Each structure stands twice: as structure tokens, then as C-alpha cells.
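Presented below is the structure to which this report refers.
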């Protein structure tokens with residue numbers, strides 16, 4: 001691997017170069033998928049290749065060596081990685097969007113993480129698994145969090161919690177690895193086995209106030225990071241950017257299943273119909289995604305946040321991608337016993353997709369009910385938009 005030196009704005013690659021780098025990794029990711037699943041983690045070499053290709057820099061602030069190329073490039077790269085291994089795409093999505101999130105924090109937080117090495121990665125989760133007690137200069141955080149995907153590769157972590165136990169004060173907190181203990185719990189019999197989504201435990205760790213981010217700021221667009229990062233990307237609602245990085249990979253995984261279809265499948269009319277539906281729906285989902293990204297960029301250019309109803313629509317459209325892809329994949333397993341292509345591989349991909357559908361960002365029924373209530377005139381109080 002090449003040396004991970006500081007990158008400058010002048011060295012920013014094009015979107016085509018980044019998608020080309022991701023596409024070139026597909027054969028290797030397919031080759032390593034079973035072994036990584038058995039090891040319950042993405043190999044360090046694979047993560048290193050993603051780092052060296054600059055893929056984690058797509059949403060990173062330019063002032064810290066990133067590219068700020070936006071959501072479409074990130075989505076295109078993630079969907080390609082998922083055509084190799086959805087576990088890799090999942091970890092890439094989670095860790096990659098954290099570079100965007102750190103750009104919303106007070107810039108001193110970014111200096112703590114990237115001051116000496118701007119290639120360092122950050123894990124999570126954001127679930128409110130802890131309580132932060134207010135103290136002079138910051139908070140004392142304690143708690144336990146589940147499903148910290150890719151955490152073994154990250155020297156820093158974001159963790160969600162309520163300030164002083166108040167559910168209306170939902171923050172994320174940035175901690176170094178030495179303040180957060182990883183508990184080896186990711187022994188899954190289902191999908192995404194290679195994501196290494198272990199538990200994290202924190203006991204009375206001090207977090208400076210500048211290493212805390214209020215979700216209300218993410219909703220309103222009043223993030224402290226705007227003082228240093230005022231590009232279009234950092235004027236967008238945090239949660240809408242985050243959610244797509246969770247569900248993008250489903251489209252790539254479904255495309256992988258289509259890649260496994262061979263000439264013999266032409267004899268099965270049900271498979272032919274399933275292929276038609278899948279191709280058509282992939283085109284529709286990608287078009288919707290691109291339109292949503294374009295709308296958010298236009299709003300950001302004007303210095304505005306999207307309208308509340310639009311944000312509910314976009315969240316629902318993002319969330320339902322996961323279930324939609326799972327349903328489109330089902331016929332390939334059931335029809336003719338998947339006799340004419342690699343059934344074992346297809347079954348593993350399908351298990352990954354089903355597991356990914358369980359993430360909070362993919363709970364389309366809940367988001368749809370809230371959106372429907374709003375459309376019917378209800379008063380919805382929701383900042384996770």
C-alpha cells in the first residue's frame with residue numbers, strides 16, 4: 001500500500017476515477033467475501049485499499065484533505081463495492097459518512113482526529129445507548145452500544161446519548177478508542193457477518209463540549225462546523241445524508257445477484273420476469289436517489305433546508321429501498337431452486353440484504369406512518385430528518 005500522506009485540494013480525483021477504483025476492487029471483494037465472513041471482519045488489507053484509493057475521502061471536508069464530491073459519487077462507489085461484497089459496502093457506508101459528520105462538529109474536533117493523520121476512520125453507533133452528565137467544560141459519558149460496524153479499524157468513535165437523561169437533548173459524542181472498550185459480540189448466524197459490528201462500552205469518559213454534536217443542529221442546519229466548512233455538502237440535513245449511506249448498498253447487492261444469472265436462466269420464464277422487474281426497479285430507485293440529491297444540492301446552494309414535507313418524503317424513499325431490494329431478490333432464490341447459478345453465493349448475498357433491512361434507517365413502515373400522518377394534517381415533531 002502507498003503511504004497515507006496528507007492530500008491537497010489539487011489532488012482531488014474525478015468521480016469517474018473513484019468509481020473506476022471501486023469497480024476494479026469487485027473481483028477481489030468477491031474472492032474474499034467468504035473468508036471475511038468467517039473471520040467476522042473485513043480484512044485490514046481491504047480497508048487499506050479503500051483508504052489508499054481515496055474512497056473514504058469522498059464526503060470529507062476539503063480543509064482536511066477530503067474531496068467534498070457529494071452524495072452521488074459516494075452512492076455510486078458504494079453500490080459498486082456492494083457488487084463485490086455487501087459487508088464491505090456496509091462498512092464503507094457507515095465509516096465513510098462519518099467523515100461528513102465530523103465536518104459538522106466544531107473544527108477543534110476534526111483537529112483532534114485528523115490533525116496528524118487525515119486518513120483516520122471513525123466508527124459509531126448513534127443509537128442513544130448512553131447518558132451524558134453535564135460537567136464543567138463538557139460531559140461525562142457512560143453506556144453500552146450495539147452494532148458498531150467496522151469498529152476494529154477505527155481509532156475514534158461517535159456514540160449517541162441523551163444529555164442528563166433528557167430525551168429532547170439527543171447528542172452524538174466523539175471519543176478516542178482508548179475511552180471506548182470493544183466487546184466481541186458479533187457472532188451472527190445471519191448476514192453481514194464480516195462487518196464486525198461489536199458492542200462498545202464506555203465508563204465515565206470525559207468528552208469536551210466541542211466534541212459533542214446536537215441533533216437539533218443537524219436538523220436546523222446550524223452546525224458549528226459551518227464556520228470552517230461551508231461547502232454545499234455541509235449545508236444539508238445530517239440525517240438525510242446519513243440514511244442513504246445505509247441503504248445504497250442494497251441496490252448494489254441486488255445487482256450482484258443479477259450478475260450471477262447465466263444463459264441457462266433464459267429457459268425459466270419466472271426468472272426472466274424477475275430480471276425485468278429488478279432491472280426496472282433499480283433504474284427507478286437510482287433515478288429517485290439522483291433527483292433527491294439534486295434537490296438537496298439546489299436547496300443548499302440557496303442556503304435553505306428542504307421543506308419539511310420533502311424531507312419526510314426523501315426519508316421514506318431512502319428507507320424503503322432496503323425492503324424493495326429484498327423483495328426483488330426473493331424470486332431468484334425461490335424460482336427453480338436457483339438451479340442455474342451459484343445458489344450458495346446468492347443465498348449469502350440475500351442474507352446480507354435481509355440483515356441490512358433491519359437497520360433503523362431502513363424502517364420504512366415507521367417513517368411511512370409518520371409521513372402519512374403529516375400528509376393527513378397531523379402535527380409531527382421529528383428532528384431525525
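No lab work stands behind these numbers, since they all come straight from the coordinates. The structure presented is a predicted model; accordingly, all values stated were derived computationally and were not measured. All Cβ positions, even for glycine, are placed from backbone atoms using ideal geometry, and neighbour counts span all protein chains on display.
Expressed as a whole number of Å, what is the distance separating the alpha-carbon centroids of region 239-294 and region 39-88?
20 Å
For region 100-136 and region 156-234, write down the distance between their C-alpha centroids in whole Å.
7 Å
Suppose R0 equals 45 Å. What FRET efficiency, 1/(1 + (r/R0)^6) with r the Cβ-Cβ distance, do residue 279 and residue 140 give to the nearest 0.05?
The computed FRET efficiency comes out at 0.25.
Looking at region 100-212, what % of its DSSP beta bridges pair antiparallel, to the nearest 5?
80 percent
So what is the relative contact order of the chain, in percent, for Cα pairs below 8 Å that sit 6 or more residues apart?
Details: 699 pairs, mean separation 65.4, N = 385.
About 17 percent, as a whole number.
At R0 = 41 Å, how high is the FRET efficiency between residue 28 and residue 376 if r is their beta carbon distance? Nearest 0.05 is fine. Please report the intermediate quantities before stating the final value.
Details: r = 50 Å, r/R0 = 1.22.
Result of the calculation: an efficiency of 0.25.
Taking the highest mean first, how do the peptides 186-198, 214-226, 310-322 order by number of other beta carbon atoms within 10 angstrom per residue? Could the numbers behind the result be given before it?
Values: 186-198: 20.4, 214-226: 17.5, 310-322: 22.4.
My ranking of the peptides, most packed first, is 310-322, 186-198, 214-226.
Determine, for 87, 149, the number of other Cβ atoms within 10 Å of each Cβ, and report the residues in order from fewest to most.
Lowest count first: 149, 87.
Helix-only mean residue ellipticity at 222 nm, the chain, DSSP H runs n ≥ 4 weighted -39,500 (n - 2.57), per residue, nearest 500. What is it?
Working: 11 runs with 187 residues, N = 385.
After summing the helix terms and dividing by the residues of the chain, the value is -16500 deg cm²/dmol.
Compute the helix-to-body angle for 86-102: its Cα long axis versus the longest principal axis of the chain, expressed 0 to 90° and rounded to tens.
Here the helix axis deviates by roughly 20 degrees.
Tilt of helix 15-39 relative to the longest C-alpha principal axis of the chain, in degrees (0 to 90, nearest 10)?
With both axes taken from Cα atoms, the answer is about 80 degrees.
Of 286, 266, how do they rank once you tally other Cβ atoms within 10 Å and put the fewest first?
Ordered from fewest to most neighbouring Cβ atoms within 10 Å, 286, 266 come out as 266, 286.
Any idea what the relative contact order of region 13-166 is, in percent, if you count C-alpha pairs under 8 Å spaced at least 6 apart?
21 percent
Please state the relative contact order of region 187-281 as a whole percent: Cα pairs under 8 Å, 6+ residues apart?
15 percent.
With a 10 Å Cβ neighbour count serving as the proxy for reagent exposure, in which order, fewest first, do 88, 131 appear?
Final ranking by Cβ density, sparse to dense: 131, 88.
Grab the beta carbon distance between residue 43 and residue 201, set R0 = 30 Å, and tell me the FRET efficiency rounded to 0.05. Let's see the in-between values first.
Numbers: r = 25 Å, r/R0 = 0.84.
After rounding, the FRET efficiency stands at 0.75.
For the chain, list log₁₀ I(q)/I(0) at each q in 0.14, 0.15 Å⁻¹, using the Debye formula over Cα point scatterers of equal strength and ignoring solvent, two decimals each.
-1.25, -1.43
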